[in-house]
1. Mind checking whether some residue in region 86-98 is in contact with a Leu (Cβ under 9 Å, 6 or more places away or on another chain), basic (K, R) and surrounded by fewer than 18 Cβ atoms within 10 Å (Cβ to Cβ)?
2. For I102, state whether it is under 27 Å from M324 (Cα atoms) and either assigned by TED's automatic domain parsing to the domain that holds E196 or out of contact with any Leu (no Cβ under 9 Å at 6 or more places or on another chain) (or both).
3. Is there a residue in region 216-226 that is in a loop (DSSP other than H, G, I, E, B), of a type outside the set (G, A, S) and at pLDDT below 90?
4. Going through G265, G320 one at a time, which residue ends up being touching a residue at least 60 places away in the same chain (Cβ under 8 Å) and at positive phi?
5. With respect to the numbered conditions (1) aliphatic (A, V, I, L, M); (2) surrounded by 21 or more Cβ atoms within 10 Å (Cβ to Cβ); (3) closer than 18 Å to P110 by Cα, which one is the sole condition not fulfilled by L212?
6. Being at pLDDT below 95 and among the aliphatic types (A, V, I, L, M) is the filter here; which residues of region 127-149 pass it?
7. From the list K289, K294, K338, K347, exactly one residue is more than 29 Å from Q227 (Cβ to Cβ) and surrounded by 15 or more Cβ atoms within 10 Å (Cβ to Cβ). Which is it?
8. Just the residues that are of a type in the set (D, E) and touching a residue at least 40 places away in the same chain (Cβ under 8 Å), please, taken from region 240-262.
Amino acid sequence: MVQSGAYISDKPYPEKAIKLLDQTCAYVQGRKEKTVNGHLVNVVLENITHIPTELSASFKQKLLTVEQELHKRVISQDDAVNEIAAALRKSFVLAGTHKKPIASFLFLGPTGVGKTETAKSITQVLFGDEQNMLRFDMSGYQTIEGIATLIGSPQTGEPGLLSQAVRQQKYGTLLLDELEKAHKDLLNIFLTVLDEGYFYDGFGNKVDCTHLIIIATSNAGADFIYQALNSQDASGVARTLSKKLIDYLVAQHAYSPEFLNRFDGVIVYKPLQSDDIYKIALGLLNNLKSDVFKTHGLTIEFSHTFVDNLIKQGYDVRFGARNMQRAIQNEVESKIAKMLLTNPNIKNRTIIF
């Protein structure tokens, strides 16, 4: 009864308990086991729901090394990554039977500093593939009509995009990008999700979110972060930046205290410096070199002068890595594409920028 209640949300009692018992008995009979035990029940339950019921040895190892893996992709956000890793370990190991999402985070900071990249990395490390992340851009849901699009509408008969997505993928990461742009009534729905682990769709049906890591990103307060870190007491501000930023957002009515308090962690991302952008640029260029060679057999090399000029063009503290990505698209990717189109026999050659 307890296990079926915790993991099977799309069927009522006693149907789900009976279903689990029937399938467990069939599984035991097929294996010629003499007794039913908790481990066998969990094996059958995982087959039904595709949600792990126990922490495997390999998953425990992932939790122990999660910050090392995140650091490989998230540049110069050490405090943020370490705080996230500690919270994830606590959430998975001490979860018990609480009726909340696995973990929930609000990532605050300027654009292009690694917030979305962190969400992708968490999904890759813990759930094996970035495809196990559901992603919704809240800028598309600023109106009441947008809410209906997410949770469904009895008037139109259309099911909700969010409702359907969560029901189809119950285990993974849910990313809510640019949360500050969401309609206020939508924030009330997410308040329930963070607190109770579910929401009701437009048709009054319950949608279970207890097996998701929920991550919201927000640029709200970016100007405050810039000003605080550029102040005379920047080192002192950095130590208390999270609390000061939360107080600022509440005072500006960006988010309510009740809403912010529902997150397991409110994580602040700092603006990237030129050295950070240099590391990111090298990573992007190396990935591009690898992709072009695998796909087209073309070897790409970059001179130090070219990279230095690219950094000068692509570095903008206001836009972080986004501006660097645009510079690479304009100065490298577009030129490689043109070369491949105009020179079909260019394969197996080396191109130096």
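1. Yes: region 86-98 contains one or more residues that are in contact with a Leu (Cβ under 9 Å, 6 or more places away or on another chain), basic (K, R) and surrounded by fewer than 18 Cβ atoms within 10 Å (Cβ to Cβ).
2. no
3. Looking for residues that are in a loop (DSSP other than H, G, I, E, B), of a type outside the set (G, A, S) and at pLDDT below 90, one finds none in region 216-226, hence no.
4. On inspection, the qualifying residue turns out to be G320.
5. It is condition (3) that L212 fails.
6. Scanning region 127-149 gives I144, I147, A148.
7. K289
8. If we filter region 240-262 for residues that are of a type in the set (D, E), which is where we start, we get 247, 258.
E258, the sole residue that qualifies.
The values are calculated or read from the model by the stated rules, or taken from the named source; none is laboratory data. Everything numeric in this text was worked out from a predicted model, so none of it was measured. Positions of Cβ are generated from backbone atoms using ideal geometry, with glycine treated the same way; all protein chains shown enter the neighbour counts.
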